[in-house]
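Scroll down for the structure; my scribbles are underneath it.
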Amino acid sequence: MQQFQRREPRGEKRESNQMVFGIRAVMEAIDSGKEIESLFIQRGLSGGLLMELKALLKEHNLPSQQVPIEKLNRITRKNHQGVIAVISPITYQQIEDLLPTIYEKGETPLLLMLDGVTDVRNMGAIARTAECAGVHAIIVPKKGSAEINPDAIKTSAGALYKIPVCRQDSLGKVGRFLIDSGVQMVVSTEKTEDSIHDVDYTVPTCIVMGAEDVGVSDDLIRISDKLARIPMFGEIKSLNVSVSAGVVIYEAIRQRAQ
C-alpha cells in the first residue's frame, strides 16, 4: 500500500489517499473490507488471476475502469501488474442501517440524494453546506458519482469526515425504500411549476439534486412525491448544483425552525 499526496501551488501538502497496486494486493484489500473509491485495470489485460479479481468485483458490486497502461504508469512507477485501486478516505454507510437510528433518536430525517453529481468540488461544497445545516446523510450511487478524494475533502472543509455518506447500488431502489419508510422524495427540477416554497419539509424528507447538464433521472422523478423548482428572476435560468442544494436545504431548515 502506498500513499500519494498532491501539493498546493505554494507547496502546502494536501490530504493523502491510499493506493494499492497489484492484482493480489487489490483482492486482499477488497476481502479485508477496504472501501474502494476507484479501481483502474489495464486495457487488454488477461489471465486467470485477473478473472478471479473480476469475479470478486462482481461479488462486491464494485465498478472498475479500463484504462491504457500509460495512465497506470503515470499514477505509479512501481510494478502495478495492470491494476491499481484507490482506497476511500471515508467509510461509506448504508441508508438502510442509518435511517432506523435517526427515527430511534426521535429526529425527523432530512436526507440529501445526489444523482449524477460528478464534480468533486461540487461534491465537497454540497457536503459542507449539508453538514452545517444538520442534514443526516448524503446518498450517492456507486456508479456515476464524484470521487471522495483529497479535492473533495478540502472543498468540504472536512465535512465529508463528519456527515455520513451512503454509497448505494441503485438510487431508484433506495428511493422506494425511503418512501416505504415514510420519507417523502422531493426532486429539485425545472420540470415543474411548483416552487420549493410550496413543499412541506417539516416531515421526513429526502431532497434529490441532479447533474447540472441533465438534472435528475426520469426514474427518480417518476417515483418522487414532489417536484419543486427554485424561483428564477434573472436572464440566466440555472444555478450551480452546489448553490441549488444550499437553497433547497435552507428552505427546509427555515420551515423546521418555525
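We did not get these values from a lab; they are worked out from the coordinates using the rules stated. Note that the structure is predicted; figures quoted are calculated from it, not measured. Every residue, glycine as well, gets a Cβ built from its backbone with ideal geometry; the counts of neighbours run over all protein chains shown.
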* Rounded to the nearest 500, what is the 222 nm mean residue ellipticity of the chain from helices alone, with -39500 (n - 2.57) per DSSP H run of 4+ residues and division by all residues? => -10500 deg cm²/dmol
* To do: Over all directions, average the projected area of the Cα convex hull of segment 48-116 and note it in nm².
  => 7.4 nm²
* Which whole-number value in Å³ per residue fits the convex hull of the alpha carbons of segment 91-187? -> 93 Å³
* **DSSP-loop trypsin sites (Lys or Arg not before Pro) across segment 131-230, with at most 16 other Cβ within 10 angstrom** => LYS142, LYS143, LYS162, LYS191
* Structure fact -> Of all GluC sites (Glu not before Pro) in segment 53-109, the ones in DSSP coil with at most 13 other Cβ atoms within 10 Å are GLU107
* Could I get the Rg over Rh figure for segment 161-227? Both from C-alpha atoms, Rh via Kirkwood, rounded to two places. => 0.96
* Structure fact -> Computed over the chain, the relative contact order (Cα-Cα under 8 Å, seq sep at least six) in percent reads 17 percent
* Hey, can you rank 236-244, 79-87 by average C-beta count inside 10 Å, highest first? -> 79-87, 236-244
* Of [x] 169; [y] 117; [z] 156, which is the value of volume of the Cα convex hull per residue in Å³ derived from the coordinates here? -> [z]
* For segment 16-138, max minus min Cα coordinate along each principal axis, in Å, sorted largest first? -> 53, 28, 23
* Structure fact -> Here the Cα Rg-to-2.2 N^0.38 Å ratio for segment 145-258 is 1.10
* Asked: So for segment 188-248, Kirkwood radius off the Cα pairs, Stokes-Einstein at 25 °C and 0.890 mPa s: how many µm² s⁻¹?
  -> 201 µm²/s
